[in-house]
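First comes the structure, then the notes that go with it.
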Amino acid sequence: MKRALITALAATTLLLAGACGGNDDTAGPTGDQPSGAAAASYPVTVGDLTLDQRPEKIVSLSATATEMLFAIGAGQQVTAVDDQSNHPADAPKTDLSGFKPNAEAIAAKDPDLVVLSNDIDKIVAQLDRLKIPVLLVAAAADLDDTYREIGDLGTLTGHRAEADVLTARMKADIDKIVKDVPARSAPLSYYYELDPTLYTVTSKTFVGSIFSLFGLTNVADAADPDGAKGGYPQLSAEALVKSDPDTIFLADTKCCQQSAQTVAARKGWNTITAVKTKQIFPLDDDVASRWGPRTVDLVRAVADAVAKVPA
């Protein structure tokens, strides 16, 4: 599934569609927090979408949106999620697909709100004709997009207060994590692997923006200088070896069983600085490919890796 998604991204320049941080990564009403659900009044409007009442049968066809909904305390309103929504574990997972959405199958869930990350096969128009409200939560370009989308979901679901608490905590956590990493005299370079065929990301992607927080230099930027490949170029082995990254981050440990050992065993890669110095860092594929609350975990993983590289 991930390989198919990466191929589609390269062809169409779509952005990538997502415990470890404990309380850093979940949110919801607690004893001293205001309850957005209790305080919200309807109708509410986000963009072109207006809801006359609080949605109680939400279908999420985006793994990232699913994480956002549960993190803001709207989980009980979610009645069905797609086959890729594996976090949290108690999300009502179904065989619905966000990659090949079927309007009739979605309508059969009788939703009063559908959340999507892509308008594949013009599914939004199909659902509009069925009078089903749709919110498009597109892949974020940066953290500001993430915070805005969390706020939008909070507004529509009656959990705006909880959404604001979540984004404030994410901002504070990320700021602290970044500030706690010692400054370096020279920036580190990195290669970020999406799959073993060497699809990667540039600095102009959401993931790239996270690495930029630490001043890291992306060796893939030269492969897509004008963004014609959507920020997801495929490198050649020769070009990668020549770029000689100081660090390698693997976002294909689950999908493709890649590890420091498999990377070190690749032909010709023994000359790369990251391989020679054993600065190869595995990531959780899901956390690395989503732009929701667990972005804090990705920031923490990058920070931990950078801190381990000798100055």
Other-chain or far-sequence residues with amide H under 5 Å of TYR192's (modelled H): VAL201, PHE249
Positive-end residue, the chain charge dipole about Cα centroid, Cβ charges, pick of ALA303, ALA141, PRO245: PRO245
Cβ-defined net charge surrounding VAL114, 12 Å radius [Lys, Arg +1; Asp, Glu -1]: -2
Dipole of the chain [Lys/Arg +1, Asp/Glu -1 at C-beta], most positive-end residue of SER185, GLY231, GLY208: SER185
Approximate spin-label separation SER185-THR273, in nm, with each point projected 7 Å along Cα-to-Cβ: 1.3
Sorted by Cβ neighbour density within 10 Å, fewest at the top, the residues ASP224, ASP82: ASP224, ASP82
Charge dipole (debye, nearest 20) of the stretch 33-176; +1 at Cβ of Lys and Arg, -1 at Cβ of Asp and Glu: 200
Alpha carbon centroid spacing (whole Å) that separates the stretch 98-112 from the stretch 162-231: 34
Computed [θ] at 222 nm, deg cm²/dmol, the chain (DSSP H ≥ 4; -39,500 (n - 2.57); rounded to nearest 500): -10000 deg cm²/dmol
Rough spin-label spacing in nm, given labels placed 7 Å along Cα→Cβ, for GLN76 and SER259: 4.3
Backbone HN-Hα couplings from phi across the stretch 106-115 [Karplus 6.51/-1.76/1.60, Hz, Gly and Pro as x]: 5, 4, 5, 7, 6, x, 9, 6, 10, 10
Length-normalised contact order for the stretch 148-243 - Cα pairs under 8 Å, 6+ apart - percent: 21
Summed residue charge, Cβ within 15 Å of ARG148's Cβ, Lys/Arg positive, Asp/Glu negative: -4
Rounded to whole Hz, the Karplus (6.51, -1.76, 1.60) HN-Hα couplings of the stretch 69-76, x for glycine and proline: 4, 5, 5, 9, x, 9, x, 5
Listed residue (LEU166, GLN261, THR271) projecting farthest to the positive dipole end of the chain, Cβ model: THR271
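Since every read-out is calculated from the coordinates, none of them should be taken as a lab result. This is a predicted model, so every value here is computed, not measured. Don't worry about glycine lacking a Cβ; one is built from the backbone with ideal geometry, like all the others, and counts go over all protein chains shown.
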